[in-house]
Amino acid sequence: MRFYLTTAIDYCNGKPHLGTAYEKVTADVLARAMRARGRDVRFLMGNDEHAIKIEQAARERGLEPIVWCDQMEALFRDTWDALLCSYDVFIRTTEKRHHAAVQEFLTRIRDRGDIYLGSYEGWFCTGCEAFKKPEELTDGKCPEHATIDPKWLKEDNWFFRLSKYRDPLLAHFREHPEFVQPDFRRNELVAFLERGLEDVSISRRTTWGVPFPFDLEAKVYVWFDALINYATGAGFAADAAEFDRWWPADLHIVGKDITRFHGIQWPAMLLAAGLPLPKRIFGHGYVNSLGGRMSKSSGTKVDPKDIAAHVSADTLRYYLCREAAYGADLEWSDERLVARANADLANALGNLLSRTTSMVHKYLGGCVAADISGSPLVAMAAAAVDRVEAAVDACALQDVASIPMELVAAANAHIDAKAPWALAKDPARKDELAYMLAETAHLTYMAGALLVPIMPAKMGELVRRMTGVEPPKSGDWVTLRTRGLPKDRPLELGPPLFPRVDAIASEN
Ligand SMILES: [Zn+2]
């Protein structure tokens, strides 16, 4: 079965920061977990290149916008590679295929009667690139962009008849309670819908953007163009069979600030174009530092590549999943990252692998041959696969991280309770020793296999040391419940997977 997963595409007016990294990494964990379950995954990421502020960023540096965007693509891909993101498609909204998709999409909506010419004036936030209603401003400022003064703009524009879709959307929200998650986000959107929708302007008089198919003077408003990337990425307007295969998207992962665009405007656009709606939209929280959101405009500069270089990309990925419930904000703390790296990964997981493999060598000659199929610990590990899969379905990434760590804790407790070093002194208890070490090795292996989506490099290495082969790219969890370690192959010894991490030096 196929699974089409997307992240929001990023404005490339500055380098990727921890906030964007949070979204890509967490979506990547879901993509990898779905592949492990044997699903045929298409994972879309990309850059949103038609914003006015991107054109400005380029011109300030004396560059053509497209040259700047090319440079930023390389920078973004480099960061996502460093963070082990396994996207299948990287879309750029300046690509020809995307322009063609946007123009086809607009033409369809106009042919069905929901695009018309009108004029609009109001407060415009250049940070959001959106008109704001007076009640959306706090002391005259956009709450997301307190440092930017909104401008009063009047434009003759093409409009999308969004108002028409209030009732159909309310009906869709009623019939599909899972459509927008977490639930409190869905409730916000339903309340917003109940207040009524106004038509929205979808064109701009600028030089940078997708040309309107039926008005050569106009460019498509960047938000309207950007949302369509999800259809472009599935083959819309290019390959009908491909689009049939991949659309509708199974899951859009987006930030909480743009959940409304994705939960209201995007489905309205799809309804207007006669296309099926995505199955689910999940709004994640922000990464906050010292009370402020980590983003380009807040002035917080934490380069996720620097963090990954210090603690390892796997460790950063684990922290981002484990530290906060997915959907809530994550309060970033260097100290907590280092504490978790050392407690959960160096001490609990890394040390478990080291002492298990070394004891299996010391006491059993390297192999775990005992038949442990009746062990309650084996049943616990099999049940953990079900629990992790349910957590993946619920986007409960904190549980996806913590459930395998329960197996780690159980294995460490088992070693402490059974004291294999004492069993080894009594030849009459040889079988008991072989049995408990096989149980411990099994728990270690199962925890590692379940943590592969979060920590693909280091858990790939753990699985390889224990089985002789790297986990396959697809389908590893399909038989994981009943699969054990090979009985005739010695576990491989190796250096610690998670050396202890030092405190992160502050920059001042
Ligand atoms: Zn704003």
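The values are calculated or read from the model by the stated rules, or taken from the named source; none is laboratory data. None of the values given here were measured: they were computed from a predicted structure. Cβ coordinates were reconstructed from backbone atoms using ideal geometry, including for glycine residues, and neighbour counts include every protein chain displayed. Keep in mind that these areas ignore ligands, DNA and RNA; they rest on the heavy atoms of the full protein, side chains included. Shrake-Rupley method; radii C 1.70, N 1.55, O 1.52, S 1.80 Å.
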Residue hits (segment 118-140; within 12 Å of the ligand (Cβ to nearest atom) and either of a type in the set (K, R) or outside the structural domain of M269 (by TED's automatic domain parsing) (or both)) are K132
The correct count of residues that are farther than 20 Å from G274 by Cα and open to solvent by less than 10 Å² (accessible area, probe 1.4 Å) in segment 221-236 is 1
Among helices (runs of 4 or more DSSP H) entirely inside segment 304-422, those with 3 or more residues being crowded, with 17+ Cβ neighbours inside 10 Å and more than 22 Å from the chain's Cα centre (by Cα) are 351-364, 376-393, 397-418
Picked from segment 141-191 (must be small (G, A, S) and modelled with pLDDT of 90 or more), the residue farthest from the ligand (Cβ to nearest atom) is A171
Checking L189, L216, L197 in turn, the sole residue that is among the hydrophobic types (A, V, I, L, M, F, W, C), surrounded by fewer than 12 Cβ atoms within 10 Å (Cβ to Cβ) and more than 15 Å from K279 (Cα to Cα) turns out to be L216
Those residues of segment 100-145 that are closer than 30 Å to D239 by Cβ and open to solvent by 40 Å² or more (accessible area, probe 1.4 Å) come to a total of 8
Selection from segment 452-472 of residues outside any loop (DSSP other than H, G, I, E, B) and over 17 Å from the mean Cα position of the chain (by Cα) yields A457, K458, M459, G460, E461, L462, V463, R464, R465, M466, T467
Could you check, for segment 100-117, whether at least one of its residues is away from the ligand (no atom under 13 Å from the Cβ), out of contact with any Leu (no Cβ under 7 Å at 6 or more places or on another chain) and under 30 Å from Y326 (Cα atoms)?
no
